[in-house]
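Structure first, commentary second.
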Amino acid sequence: MIYDLIIIGGGPAGAAAGIYSARKKLKTLIIADSFGGQSLVSDSIENWIGIKKMTGLELAKMLEEHVRIHEDVEIKMPEKVVAVKEIPNGFEIETDKNNIYQSKTLIVASGGRRCHLNILGEDKFEGKGVSYCSTCDAPLFRNKPVAVIGGGNAGLEAVVDLVQYASKIYLISNKELLTGDPSTQEEIKKSDKVSVIMNADSQEVLGDKFVSGFKYLDKNDNQVKELKVEGIFVEIGSVPNSEFIKDLVDTNQVGEIIVDHKTGATTHPGIFAAGDVTDEIYKQNNISAGDAVAAALSVYNYLLNIKKNENKNSN
């Protein structure tokens with residue numbers, strides 16, 4: 001069987017693409033680890049348009065239920081794409097279950113994964129005080145002390161997001177100097193809420209049910225020190241899940257798929273992409289969903305043009 005479209009990923013981008021492809025009556029397959037994407041672990045989401053507040057699990061359930069009402073969409077889950085190759089008139093996808101699927105077009109909505117500190121307690125308290133998105137979660141830490149890990153632009157921008165909410169912000173870097181934009185450095189240093197700690201190696205996230213503290217090694221005096229915080233924002237970068245498609249499409253220096261931001265088209269005909277796996281600068285659920293809608297509509301037009309050309313050639 002050859003699908004009209006295979007969508008790789010089950011986050012907001014993958015779900016939105018699936019819903020719109022179904023509306024266009026495209027025979028569609030979604031291959032995903034799960035629904036919900038990176039927001040799956042969020043304890044509270046307050047910026048999904050139309051819903052005041054929900055958990056990541058509630059978002060995932062909502063996305064899955066919406067996709068599953070469409071009969072034209074088939075779902076393979078949990079399953080992960082490991083390789084994609086070009087075949088005549090389309091693409092062949094191999095998964096970690098040793099399954100092979102074929103499709104005329106693809107939408108890559110495989111998202112990204114946040115770089116982790118890989119320290120004690122980090123995984124345990126993810127979504128329970130440990131966050132990887134200040135834009136998403138800053139309002140949850142109103143009047144609470146927090147730590148931001150990372151001295152680059154991501155870390156500095158997280159501090160900016162948090163200043164209007166948190167009672168105290170510790171910006172922690174393992175380097176001797178902050179590497180983010182000087183103008184942003186000046187902005188955050190104006191706030192008496194912000195304390196900058198340099199030459200600090202992260203050691204452990206502390207807590208019971210939720211985060212209550214953070215340990216780090218002060219490399220200046222080689223002493224392990226502890227901060228009392230209720231939130232920890234890990235802002236040391238992210239990695240797009242694009243390894244399986246890099247041989248077919250152009251990516252930038254950090255591995256993000258380069259797309260036409262009007263259509264979601266990649267540099268390879270028939271392959272489209274949306275969400276955090278692309279070079280879209282704003283990694284947000286609502287933007288990912290909107291970009292995926294554009295990609296799905298572009299797939300429809302792409303297939304329509306192929307059919308028109310086939311009809312011309314047959315006449």
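The values are calculated or read from the model by the stated rules, or taken from the named source; none is laboratory data. Because the structure is predicted, anything quoted here is derived from the model rather than measured. Methodologically, a virtual Cβ is constructed for each residue, glycine included, from the backbone with ideal geometry; neighbour enumeration extends over all protein chains shown.
Data table
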quantity: Candidate set: segment 297-307, residues that are under 22 Å from Ile87 (Cβ atoms) and touching a residue at least 24 places away in the same chain (Cβ under 8 Å); chosen: the one surrounded by the most Cβ atoms within 10 Å (Cβ to Cβ); calculated: Val299
quantity: Residue check, Glu310 in the same structural domain as Ala83 (by TED's automatic domain parsing), within 30 Å of Ile119 (Cβ to Cβ) and without any contact (Cβ under 8 Å) to a residue 24 or more places away in the chain; calculated: no
quantity: Residues that are charged (D, E, K, R) and more than 13 Å from Ala13 (Cβ to Cβ), drawn from segment 288-315; calculated: Lys307, Lys308, Glu310, Lys312
quantity: Whichever residue in segment 78-90 is part of a strand (DSSP E or B) and charged (D, E, K, R) and, among such residues, is farthest from Asn301 (Cα to Cα); calculated: Lys85
quantity: Criterion: under 22 Å from the mean Cα position of the chain (by Cα), assigned by TED's automatic domain parsing to the domain that holds Ser298 and at positive phi - qualifying residue of Gly56, Gly9, Gly14; calculated: Gly9
quantity: Residue satisfying condition, being aliphatic (A, V, I, L, M), over 18 Å from the mean Cα position of the chain (by Cα) and part of a loop (DSSP other than H, G, I, E, B), within set Ile75, Ile51, Ile93; calculated: Ile51
quantity: Qualifying residues in segment 46-58 (those that are among the hydrophobic types (A, V, I, L, M, F, W, C) and in contact (Cβ under 8 Å) with a residue 24 or more places away in the chain) - the one surrounded by the fewest Cβ atoms within 10 Å (Cβ to Cβ); calculated: Ile49
quantity: Segment 194-222 - residue that is of a type in the set (Asp, Glu) and in a loop (DSSP other than H, G, I, E, B) and, of those, nearest to Leu156 (Cα to Cα); calculated: Asp221
quantity: Selected residue (only one of Gly264, Gly270 is surrounded by 22 or more Cβ atoms within 10 Å (Cβ to Cβ), assigned by TED's automatic domain parsing to the domain that holds Asp33 and on the phi > 0 side of the Ramachandran plot); calculated: Gly264
quantity: Residues of segment 59-82 that turn out to be surrounded by 14 or more Cβ atoms within 10 Å (Cβ to Cβ) and touching a residue at least 12 places away in the same chain (Cβ under 8 Å), as a count; calculated: 16
quantity: Residue under evaluation Val146, criteria (1) part of a helix (DSSP H, G or I); (2) β-branched (Val, Ile, Thr); (3) farther than 18 Å from Ser238 by Cα; (4) in contact with a strand residue (DSSP E or B) (Cβ under 6 Å, 6 or more places away or on another chain), criterion not met; calculated: (1)
quantity: Tally of residues being assigned to a strand (DSSP E or B), surrounded by 15 or more Cβ atoms within 10 Å (Cβ to Cβ) and either modelled with pLDDT of 95 or more or aromatic (Phe, Trp, Tyr) (or both) across segment 96-115; calculated: 8
quantity: Glu79 touching a Ser or Thr at 6+ places or on another chain (Cβ under 7 Å) and under 23 Å from Leu29 (Cα atoms); calculated: yes
quantity: Count of segment 270-287 residues which are of a type in the set (A, V, I, L, M), touching a residue at least 40 places away in the same chain (Cβ under 8 Å) and over 13 Å from Gly9 (Cα atoms); calculated: 1
quantity: Enumerated strands (runs of 3 or more DSSP E) restricted to segment 223-315, each holding at least 2 residues that are among the hydrophobic types (A, V, I, L, M, F, W, C) and either at pLDDT below 95 or in contact with a strand residue (DSSP E or B) (Cβ under 7 Å, 6 or more places away or on another chain) (or both); calculated: 223-227, 231-234, 271-273
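Quick grid of which residues meet (1) modelled with pLDDT of 95 or more; (2) surrounded by 17 or more Cβ atoms within 10 Å (Cβ to Cβ); (3) assigned by TED's automatic domain parsing to the domain that holds Asp161:
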residue	(1), (2), (3)
Glu187	no, no, yes
Lys190	no, no, yes
Asn199	yes, no, yes
Asp208	no, no, yes
Phe214	yes, yes, yes
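Let's see how each residue does on (1) polar (S, T, N, Q); (2) in contact with a Phe, Trp or Tyr (Cβ under 8 Å, 6 or more places away or on another chain):
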| position | (1), (2) |
| --- | --- |
| Asp33 | no, no |
| Lys53 | no, no |
| Glu92 | no, yes |
| Lys97 | no, no |
| Ile100 | no, no |
| Asn118 | yes, no |
| Tyr132 | no, yes |
